[in-house]
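Here is the structure we will look at, set down as structure tokens.
Laboratory data are not the source of any read-out in this text; all were calculated from the coordinates shown. The shown structure was predicted, so the numbers you read here are calculated from the model rather than taken from an experiment. Positions of Cβ are generated from backbone atoms using ideal geometry, with glycine treated the same way; all protein chains shown enter the neighbour counts.
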Amino acid sequence: MEKFYVEDKKNIKKVAAKKETIDFLLNYSKSLKIQKIKGITYESNIN
Amino acid sequence: MELQIADSLLIQNYINGDEKSLETLIKRHNQRLSGFIYSKVKDREITEDIFQDTFIKVIRTLKKGRYNEEGKFLPWVMRIAHNLIIDYFRKSSRLPYFEGSNTFDIFSVVHDEKLNIEKQLIKEQIDEDLAVLVEELPIDQRDVLVMRMYRNMSFKEISENTGVSINTALGRMRYALINLRKLIDEHNIILTD
């Protein structure tokens, strides 16, 4: 059976977004306000 | 066993103002989405950027109440990421690339066969000098040399074309090269790069 060899298993890291990126997204979400006034959607970012 | 809240319920909660649900959604799909992006762009920083832009689009769509794919959250997010990856390659005019590792260098198997501009100029000069010298050869020798070197004909073909035997054609070629060397010496021409 064909085998696949990996060069160095210790160096394999799973790719995942950093904590800072997730925090940024959560803060962005908290600060983003969407309002609909007379059928028009308004976006505002309150920092 | 911990019971996992369905994506659809988390989305609903988030739309209703529960920010914690978004955190759960991001963390739940972080590895899968990041892995997908990384498999295309092969760069951790760019993966991070595209991941961030993907969720910014997700957040804006959910907050605007435009999300209508209940139960298919991950495929929807993947589609957004996929479009952003295409945008990235379009913007940077880059194709997915292969990067060598410590034990394998891609340039050991891929070569640029083209001469650089300096070598190209030298080659052109040599070709021009040689063409002038070939013109000075006796006509029978010149014909054989041109047919052999410039038209890549075999001695059999040369023999048939010139109406002489193969041995005569070989002899003419031999004298053509000897005379060519003499001409090069006489003219003090250097035919190397």
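Structure notes:
- Rough spin-label spacing in nm, given labels placed 7 Å along Cα→Cβ, for residue B:152 and residue B:178: 3.0
- Ranked by the mean number of other Cβ atoms within 10 Å per residue, highest first, peptides B:10-23, B:118-131 order as B:10-23, B:118-131.
- Protection proxy ranking of B:27-40, B:46-59, B:144-157, by the mean of other Cβ atoms within 10 Å over each peptide's residues and highest first, is B:46-59, B:27-40, B:144-157.
- Dipole-positive endmost among B:81, B:10, B:51 within segment B:7-98 (Cβ charges, Cα centre): B:81
- Ranked by how many other Cβ atoms sit within 10 Å of their own Cβ, fewest first, the residues A:42, A:28 fall in the order A:42, A:28.
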